[in-house]
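Input: a single structure, listed below in structure tokens.
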Amino acid sequence: MSKKIDVTELALRDAHQSLFATRMALEDMVPICEDIDQAGYWSVECWGGATFDACIRFLNEDPWERLRTFRSLLPNSKLQMLLRGQNLLGYRHYEDDVVDRFVGKAVENGMDVFRTFDALNDVRNVKRAIAAVKREGAHAQGTLCYTVSELHTVEGYVQMARDLMDLGCDSLCLKDMAALLQPQPAYDIVKAIKDDLGQDVRIHIHCHATTGVTLVSLMKGIEAGADCVDAAISSMSLGPGHNPTESLVEMLPGTGFHTELDEGRLIKIKDYFAGIRPKYAEFASNIVGVETEIFKSQIPGGMISNMESQLKAQGAAHRIKEVLEEVPRVRADAGYPPLVTPSSQIVGTQAVFNVMMGRYKVLTGEFADVMLGYYGSTLGTPNPEVVEIARAQAKKDPISCRPADLLPAEWEKDREEAGALRGFNGSDEDVLTYAMFPKVAPTFFGTRDEGPKNVGKDPDTLAAEKAATEAGAQPGQPVRTPSATRSSSTAPPTASKSSRPERSAVAAQSMQEKIDQLHQRRASLAAAGGEQRVAKQHEQGKLTARERIEELLDEHSFQESAVYAVHRANRFGMSEKDVPSDGVVVGQGTVLGRLVHVASQDFTILGGTIGELHADKIAQAANMALRTGSPFVCINDSGGARVQEGVDALNGCGHIFYANVLLSGVVPQISILAGPCAGAAAYSPALTDFIIQTKQAQMYITGPDVIKQVTGEEVSHEDLGGAAVHAGRSGVVHFVAEDDAQAALIAKKLLSFLPQNNTEDPPEIEHDGNADDDPFLDSVIPDDYRKPYDVRDVIAHVVDDGDFLEVHASWAANAVVGFGRIVGRTVGVIANQPNQLSGVLDINASDKIARFVRFCNAFNIPLLTFVDTPGFMPGVDQEYNGIIRHGAKVLFAYSAATVPKVTVVLRKAFGGAYIAMCARALGADKVFAWPSAEIAVMGAEGAAGIVFRKEISQADDPAGKRQELIDEYRGTFANPYVASEHGLVDDVIVPAETRRFVAQALESLTTKRDMRPPKKHGLMPM
């Protein structure tokens, strides 16, 4: 007898969450509801997960109204939702009363089935929610989040199933959110649970399709006794989504199983969504094929791609293998959490930090909370050493109780705060919306009366926008939503038309009224340029000014300055314009626990243009950095000088430039280009020490239109001022970031190497002092001296943990510069790159080295130089463009540097380039050479042709004589021993010993003092 297999349809929720970021509007789902209701599904998943967030953040829809609409349109269907246990639909744990109230309201509004899970599989975190569901008379489904590790066994899943059933669950779901569930484990787990708990225990299976094997997993689960499986109609399936409903139906005949779904209805549903899906193409995932790599890394394919792009932007794309190898180690240290949202992001990000900064040198706040138990308990025991690191960084003790047990009552507080917001309707549903999303709900409440908005676009509109983008407009990108786990000292934003409440009424108000007025002012400022402009900023893949500051600074550390500044311009309608904070947010906070001052331009307000007051705020923030001896970070997203303010705006730009120059060499200055930076505004980043440009940004002095008018040349915005241009051709930009979040990450890593100011030494990271020999270095240089190699391999095996932050990675690639550490102390590393132009010094490489050396000297960072160069670049073009002048900059920079200077000659060190690369004559404190070193005026071939020209020409066998004399010259001069005999090399060392010799040399030079003649400043060749 054939067994009926029930099916849960995902098209109305998880399918479009997985395929296009939960952007489907209710109006695009309503027309097909009747067919879905009559198709014969066991349940229809239509709510929960990211639905709530997307509704109020992007679609201006009331999620509770969405649920009520589905209830009315699907009268014959069980409605199902995904509930994050104690997290409900938000991103933190809520106290029990809020959980009870949410479940009660969800049932009251029409919900039937609650699939409840915890990201760590901590049953304590679902106990309260399941009890509430049972109390309300709804169907409670307990969830086993599937993952793979040495601790996750079939027996373990059976035990968790027992624990969930003991809580009163009506059914169980084996939920695979990363497409990891292979066919045999699916069979084994389902069968073992059935055998242990009885065949009448109802089991559902949920799989994503990304790895391409999970349709077979569903079949094996069915064979083992599964009662219901999840699927998505084929036009809403595959890729990062789920397996197709129709494929499930068609694979069962003849197997002893069937579905009883109405295939005619399925065709209608498929055709309908096939017509709807193209509207949301701009939000579509890049994953369209099969990603079996997930089985190895256990990280979803999209996350792997994201990490690859982050590493590439830091010049570390070659380290992706290290990150993927580090993920399992981090996961093991954390106690083997399932890699599902959000634990996969938490573990993955920490793995990147470990590879780029050294293992657990810096912990993310979220990872620290996982280690300390604030997310719950993991199956394995967290690594005690990492727990201690987390305790020290987070300054709080580990917990073993259920995290929600530590939470104070919050319902009345939530109701009071929600009640003060414009647009609040007084319902418990609105209080719950505010409780889960306190930063987004106020804006939604204020705009709810405007009605839902559909962010989908018909294909013709999308094609027109694509054409506009190709013509030079900002490209639209998938929305990057800000972290919802962070909070602010200000009240949440509301959609206010003005940030200037009437002052005349303030005096007559009570204190409470004045406090309420203050909250309104703060909310108005936090709303920036309004919901539409903020949404447009997000659609372009960009964060707002305050969101960028949140990404950069330690959580809760930001203190804003000049919050209520108001411009004084009155021409060209400016007196009527409301310009919150004058379009720039400034203040101070901490990065990795150390003070920094920041300015962040707000493109949602007058395009971030620079007016008099706007410029004054930035200059004041810079001056505060000077007073406190702290780094200054300026985030640029501006249309340039504010035309309406004329010369006052230009004068303001001048004040910024002047401040940049005053700070130069006193505190580190970092510019982040996160949007346009045009005209005079482009000179401020150019005056700072490091520039990080995102792929959404462009910078130029004159735009494409002006260039076309003046010169007739046609060029796009991207080709003129994009990140690739400035990082690879102009050399203006030091780092390229995929987006704003990665730009903040690069800035944090950069700051981790730098001192606060020029009177301090760079920060030291605790280190065990280990500087063991590394045999790898003995074989890094080819035996054939003409063959290239990658000098970064040498650097990686000398600095601590291979952690090297390369600067200017894409420009002047024949030289490598960047920051590393030697036994915990920062060093500036400079090297010739033999696999690019043989490591020759040309104009760009000379500028690159000179600037980096000057920076390190200004901020007390020792210099470690690796030499392998055949000389300065020959050629008419180089001579005409000033190779002498540019090369002299390197000589000047090294000679003027008073910090410890250690030089290691790897292979070629010829002519003036040998001197320029910090030879003993330029003040190198220690010079070591490998046995492969060749130190001479020029290479043996060239020297023989000059020195022995006569002997060669008169020889009976000129070719043989020439080779004989070349060998003689090389044996005499092209080695390290003559230079060593003359005191120009301290020691010839075995390559494997390099790290130990460098560490000892730097240790001996920590107290170095180098006095110079008094003068205002030297005159570097410019």
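The values are calculated or read from the model by the stated rules, or taken from the named source; none is laboratory data. This one's a predicted model, so the numbers in the text were calculated from it and none came from an experiment. Heads up, the Cβs are rebuilt from the backbone with ideal geometry, glycines too, and the neighbour counts pull from every protein chain shown. The accessibility values were calculated without ligands, DNA or RNA, using every heavy atom of the protein model including side chains. Shrake-Rupley method; radii C 1.70, N 1.55, O 1.52, S 1.80 Å.
Laid out as a table, the results:
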item: With DNA, RNA and ligands ignored, accessible area of Arg522 (1.4 Å probe; Å², nearest 10); result: 80 Å²
item: Net lengthening on full extension, Glu325/Val30 (0.36 nm per residue, minus Cα-Cα); result: 101.6 nm
item: Theoretical gain in end-to-end length, Ala409 to Asn835 [0.36 nm per residue, Cα-Cα removed]; result: 147.0 nm
item: Mean-position separation - Cα centroids, segment 822-866 and segment 713-750, in angstrom; result: 21 Å
item: Set of segment 26-57 residues, backbone N closer than 14 Å to the point 7 Å along the Cα-Cβ line of Asp271; result: 32, 35
item: Stokes-Einstein D (µm²/s) once Rh is taken as the Kirkwood radius of segment 672-771 over alpha-carbon pairs, at 20 °C in 1.002 mPa s; result: 140 µm²/s
item: With all protein chains modelled, accessible area of His556 [1.4 Å, Å²]; result: 130 Å²
item: Out-of-range pairs (alpha-carbon distance over 31 Å; input Lys127/Lys279; Lys848/Lys926; Lys321/Lys395; Lys439/Lys617); result: Lys127/Lys279; Lys321/Lys395
item: Rounded to 10°, Cα long-axis angle of helix 214-224 versus longest principal axis of the chain; result: 40 degrees
item: Near-label residues of segment 805-847 by backbone N, under 20 Å of a point 7 Å along Cα→Cβ of Ser730; result: 807-813, 843-847
item: Net +/- balance of residues flanking Ser43 in space, Cβ distance below 10 Å, scoring K and R +1, D and E -1; result: -3
item: Mean shadow area of the chain over all directions, Cα convex hull, nm²; result: 48.1 nm²
item: Considering only the chain, percent of DSSP beta bridges that pair antiparallel, nearest 5; result: 25 percent
item: Whole-angstrom gap from segment 760-805 to segment 953-1022, using each part's C-alpha centre; result: 19 Å
item: Computed FRET value (nearest 0.05) for Lys514 with Glu108, which takes r as the C-beta separation and R₀ as 35 Å; result: 0.35
item: Three-way shape label, segment 865-1022, alpha-carbon gyration tensor, a/c 1.5; result: oblate
item: Cα-based helix-to-principal-axis angle, 96-108 vs the chain, degrees rounded to 10; result: 50 degrees
item: Alpha carbon Rg of segment 48-162, scaled by the compact-globule rule 2.2 N^0.38 Å; result: 1.13
item: Inter-probe distance in nm under a simple model that places probes 7 Å from Cα toward Cβ, at Lys1008 and Ser427; result: 7.1 nm
item: Solvent-accessible area, 1.4 Å probe, carbon plus sulfur percent, for the chain; result: 52 percent
item: Residue-span extension gain [His1017 to Leu687] - 0.36 nm each, minus C-alpha spacing; result: 117.0 nm
item: Exposure of Lys1015 as accessible area (Å², to 10), given a probe of 1.4 Å and all protein chains; result: 140 Å²
item: Per residue accessible area in Å² of the chain, where ligands, DNA and RNA are left out and the probe is 1.4 Å; result: 40 Å²
item: Alpha carbon centroid spacing (whole Å) that separates segment 227-257 from segment 591-647; result: 54 Å
item: Loop trypsin sites (Lys or Arg not before Pro), segment 323-428 (other Cβ atoms within 10 Å of the site Cβ: 10 or fewer; DSSP); result: Lys395
item: Coarse-grained scattering of segment 102-233 at q = 0.09, 0.16, 0.18 Å⁻¹, given as base-10 log I(q)/I(0) from a Debye sum over alpha-carbon atoms; result: -0.25, -0.77, -0.96
item: The chain: relative contact order in percent, alpha carbon pairs under 8 Å with at least 6 residues between; result: 7 percent
item: Simple label model, 7 Å out from Cα along Cβ direction - Gln199 to Leu662, nm; result: 8.4 nm
item: Estimated FRET transfer efficiency (Asp262, Lys3; beta-carbon r; R0 22 Å; 0.05); result: 0.70
item: D (Stokes-Einstein, µm²/s), Kirkwood Cα radius, segment 612-754, 1.306 mPa s at 10 °C; result: 102 µm²/s
